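I have placed the structure first, in the form of structure tokens, so that the comments after it can refer back to it.
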């Protein structure tokens, strides 16, 4: 088995007295699509935010390419290697679609305007949003905004992209568009960790599914293991609600 | 009181003393404009830096420096918002008269600038708070530093959100610069007092002054509202605010967005 891209070891995280993560361990390899599933409040999003250092865990380590990022000195550099797509899209409201994709390339990767624009247009094309490059980001529909957000994350060429419930804020018709884009990226070998409630997506696309409950990993395995032969009663109970 | 003779005297004063009135208007506008611009610059600097949150990973030295800076900024803001500008004007003018040897007009501009700076800091801080945290997280997730995030993503949106309040500050300065006539800054109020003193038509003179002030503030309000409308047109889906005073635009989508309601000052 190849070297793990991300290795999460014994992560503990509390908010005040509430312990949200109680010792999480898992690995992500290059090219993996890891889906984190579980009910709300089980700690999935918090786990994801720990990987991006938006939350500082009290205990544990997160190794990326064998380097503990919790002790990392250059947080900004590290974050540029780990893209993130949010539930609420979070496109920059004061910029056009193109500028949204260009700004970080210029500020972080120090690319020239022209090069950054070409890169941005390439990825906007990939998510099917090239025609909207000069539109104001606030005029787009939710599904369109989320696709731009994916392109924006891709533009800085991260090694992995974290998706935090990317389709939860979308209406059902638009969910398909976004999932389609994500599927295509997965098939092209992009490493992803996806927090999602889209069980069908997890079933079809994931290389590994992790079921979290009350701050611990209850069960993990291939989609088949989890969806067709779940072992733990809690997993079975959770999945029954989706069938 | 408001009989024909009253208005005739008013018109008389306005035409006879229009030169000094216009001189006053010029000083008033200059002082208000300069004060607002310098105040805004101060506000951006102080409000912006005060709102920067240091990373958890930041060194303890920079955390201490930030803390001291925050205290100093707070003291400045509270002092200038908590005392009347009239008192500030008189005190600062005489206190620093021997240091700078300045004219009342320069001193007045100085006072109105730092006074406005205190209010602007709070307006900008409010504007920054009205920007969704998601914007910050998105920028940081792309690897942008807190400074880069502040200046390319947050402040442009904060200024836009706070624009009505910023414009309002200018209108307020047009009126409130009148208190600086106490240090004989030669603004409209000062000129009116002189006219009143030499004609003995006190009511009429101040009535004329009031009319001129009203024309000035109304014109500015209209211009500001126009600018605001045009700003909104650029980003089509942002709902428009109804007035320039205390109202705020709420940016699209995010329901969590707070309003920016800076405390209005009473002189």
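Only the coordinates and a few stated rules stand behind these numbers; no lab work does. Everything numeric here is computed off the predicted structure, so don't read it as measured data. Positions of Cβ are generated from backbone atoms using ideal geometry, with glycine treated the same way; all protein chains shown enter the neighbour counts.
Descriptive notes on the structure:
- Per-residue Cβ neighbour rank within 10 angstrom, fewest leading, B:99, A:102: B:99, A:102
- Rg [Å, one decimal], Dmax [Å, integer] - the range A:87-243, C-alpha atoms: 17.4, 55
- In chain A, the longest principal axis of the Cα atoms and the axis of helix A:172-187 are about 90 degrees apart.
- In units of the compact-protein estimate 2.2 N^0.38 Å, the range A:166-243 shows a Cα radius of gyration of 1.13.
- Ratio Rg/Rh [Cα only; Rh per Kirkwood] for the range A:1-64: 0.97
- The three principal axes of the Cα atoms in chain B give end-to-end lengths of 71, 49, 24 Å, sorted in falling order.
- Calculated FRET value between residue B:94 and residue B:23, using beta carbons and R₀ = 22 Å, to 0.05: 0.35
- At an R0 of 45 angstrom, the distance between the Cβ atoms of residue B:49 and residue A:125 translates into a FRET efficiency of 0.65.
- The orientation-averaged projection of the convex hull spanning the C-alpha atoms of the range B:91-213 amounts to 10.2 square nanometres.
- nm² value of the averaged projected area, convex hull over the Cα atoms of the range B:115-163: 3.2 nm²
- 17 Å cut-off, amide nitrogen to a point 7 angstrom out along residue B:231 Cα→Cβ, residues in the range B:140-171: B:151-171
- Here is the size of the range B:1-152 from its Cα atoms: Rg then Dmax, 22.3, 75 Å.
- Compactness of the protein assembly as shown, taken as the C-alpha radius of gyration over 2.2 N^0.38 Å, stands at 1.26.
- Cα long-axis angle, helix B:60-82 against chain B (0 to 90 degrees, to the nearest 10): 20 degrees
- With the simple spin-label model, which puts each label point 7 Å out from Cα in the Cβ direction, the residue B:59 to residue B:30 separation comes to 4.7 nm.
- At R0 = 41 Å, FRET efficiency that the Cβ-Cβ distance of residue A:78 and residue B:101 yields, to 0.05: 0.15
- Each Cα pair under 8 Å and six or more residues apart adds its sequence gap; the mean of these over the residue count of the range A:59-163 is a relative contact order of 40 percent.
- Computed from the Kirkwood radius of its Cα pairs, the Stokes-Einstein diffusion coefficient for the range B:1-78 at 25 °C and 0.890 mPa s stands at 144 µm²/s.
- 14 Å tail of the calculated P(r), the range A:84-167, as % of Cα pairs: 56 percent
- Inter-site label distance for residue B:4 and residue A:232 at 7 Å from Cα along Cβ, in nm: 9.6 nm
- Computed [θ] at 222 nm, helices only, for the protein assembly as shown once each DSSP H run of length n ≥ 4 contributes -39500 (n - 2.57): -17500 deg cm²/dmol
- Taking the longest Cα principal axis of chain A as reference, the axis of helix A:142-155 is set at about 80 degrees.
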